Amino acid sequence: MQKKTPKRTVDLTRQVLSDSLNKRGHETFSWDDIEPISLPNGVVSKMFRVGCPIEPSSPTVFKVYFPPECLIEAHTHDCDYTEIILEGSQKVGAQWLHAGDIRVGLANRGYGPLLAGPHGVTIMFVFKTGNWPAKPIGNNDGSSLHSDVIANSIR
């Protein structure tokens, strides 16, 4: 059996990570190293940027847990994205998605509402750029999105 090499601690703050990437060319960390962002509706989010985290064009990756029956209002994003259901199930509009399902969406095209299944759902989102914040559409007020909480917690 191959012996696991202990990882060095990585400072994931945007500027420090950017400086380290520019110096070393790469970094290694796990989802466990990323500080979770807990939202008022019980959603737990972790994120990182592909490449230099201070570049607005860098893709953004989220791993998000939605608790059972969590409802997220219909919304849109300013960039293309994809989502992969890792665990559980989620209803998007009238369609149920399950572990292994992949959904691809275009910028500025609304979707939703989203409803987590009875056991919750864990999803990996990949946004084409840093323009990921969710924007409410229609008569929705943005109260279930909490994009501001996520954006304000990014160091």
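The values are calculated or read from the model by the stated rules, or taken from the named source; none is laboratory data. These numbers were taken from a predicted model, which means no experiment stands behind them. Ideal geometry is used to build each Cβ from the backbone, glycine not excepted, and the neighbour counts take in all protein chains shown.
Side notes on the structure shown:
- Hey, Thr82 closer than 24 Å to Ser153 by Cβ, in contact with a Phe, Trp or Tyr (Cβ under 7 Å, 6 or more places away or on another chain) and not acidic (Asp, Glu) or not: no
- Filter pass, Ile54 being closer than 20 Å to Ser153 by Cα and buried (at least 18 other Cβ atoms within 10 Å of the Cβ): no
- Of all residues in region 39-96, those that are closer than 20 Å to Gly120 by Cβ, among the β-branched types (Val, Ile, Thr) and assigned to a loop (DSSP other than H, G, I, E, B) total 1.
- Yes/no for Gly105 being of a type outside the set (D, E, K, R) and at positive phi: no
- For region 82-128, filtering for residues that are buried (at least 17 other Cβ atoms within 10 Å of the Cβ) and acidic (Asp, Glu) leaves 1.
- Taken over region 107-152, residues that are in contact with a Cys (Cβ under 7 Å, 6 or more places away or on another chain), assigned to a strand (DSSP E or B) and free of Cβ contacts under 8 Å to residues at least 40 places away in the same chain amount to 0.
- Flag for Arg103 being part of a loop (DSSP other than H, G, I, E, B), closer than 21 Å to Ser147 by Cβ, among the charged types (D, E, K, R) and free of Cβ contacts under 8 Å to residues at least 40 places away in the same chain: no
- Of all residues in region 118-144, those satisfying the criterion of being out of contact with any Leu (no Cβ under 9 Å at 6 or more places or on another chain), within 16 Å of Val43 (Cα to Cα) and not polar (S, T, N, Q) are Pro118, His119, Gly120, Phe125, Gly142.
- As a summary of the residue check, Pro36 satisfies the conditions (1) within 20 Å of the chain's Cα centre (by Cα); (2) at pLDDT 85 or above; (3) over 27 Å from Val121 (Cα atoms) except for the one numbered (3).
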